[in-house]
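Let me begin by presenting the structure, written as structure tokens, before commenting on it.
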Amino acid sequence: MALINMANREIQCKLVYYGIGRSGKTTNVQYIHSQTPKEAAGDLLSVATEQEMTIFFDFLPLDFGAIHGYRVRFMLFTVPGQIRYEKTRKAILQGADGVVFVADSQRDRLEENFGAMVELEANMRLLGKNLAEFPFVMQWNKRDAADALSAPILEQYLNRYHVPCFEAVATRGAGVFATLRAISKLVVERL
């Protein structure tokens, strides 16, 4: 839930990038950080293993300027995708104002993506939220992979809520800001 500081006229919103390990969640946040003017982005906090997989979370505060006289800041978090961090994913979802599901488009990752989507739905229910009524978008990442499934196939198996979807190649920044703009707009509309 967004934190509103009336004295400072500031609203802080939490966005969570969710998905399987190595789907591109951290790459999205790193790209956003690298392309955002320094005065609008805070420091990027990232905890990773030697294999460069996120084990806890990435955090990036972004200042989006003012809306109706309130300064709006988005805090971007990623969840660890590895199976053993299920409790951590649920904890990071706590207080989220919006979710981006980052799916790995590679054919052999479809079953894992589906499992992560089912887990996301369950975690949101445990937090008292219905994903169908929540600011939520999907990103089909790694569109440049030789074995990438078509967007219609990914839609069919993963997007049962018919939310906005964006094709991306996060390593090159393609689709990264379109995804961020869409989820930010949904969150602000809900406020």
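The values are calculated or read from the model by the stated rules, or taken from the named source; none is laboratory data. Fair warning: this is a prediction, and the values are worked out from it, not measured in the lab. Cβ coordinates were reconstructed from backbone atoms using ideal geometry, including for glycine residues, and neighbour counts include every protein chain displayed.
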*What is the number of the single condition among (1) modelled with pLDDT under 95; (2) under 20 Å from I32 (Cα atoms) that F136 does not meet?*
(1)
*Looking at the stretch 78-97, which of its residues are modelled with pLDDT of 80 or more, touching a helix residue (DSSP H, G or I) at 6+ places or on another chain (Cβ under 8 Å) and surrounded by fewer than 23 Cβ atoms within 10 Å (Cβ to Cβ)?*
R89, K90, L93
_Of residues in the stretch 171-191 being farther than 13 Å from Y17 by Cα and either among the charged types (D, E, K, R) or in contact with a Gly (Cβ under 8 Å, 6 or more places away or on another chain) (or both), the one surrounded by the fewest Cβ atoms within 10 Å (Cβ to Cβ)_ = E189
*Within the stretch 116-136, track down each residue that is within 14 Å of R89 (Cβ to Cβ) and touching a residue at least 40 places away in the same chain (Cβ under 8 Å).*
A116, M117, L120
*Can you name the number of the only condition in (1) surrounded by fewer than 23 Cβ atoms within 10 Å (Cβ to Cβ); (2) under 14 Å from K25 (Cα atoms); (3) among the β-branched types (V, I, T) that I153 fails?*
(2)
*Looking at (1) surrounded by fewer than 18 Cβ atoms within 10 Å (Cβ to Cβ); (2) modelled with pLDDT of 70 or more; (3) over 26 Å from L126 (Cα atoms), which is the only condition A48 fails?*
(2)
*Report, by residue number, each residue of the stretch 103-150 that is surrounded by fewer than 17 Cβ atoms within 10 Å (Cβ to Cβ) and of a type in the set (S, T, N, Q).*
N130, S150
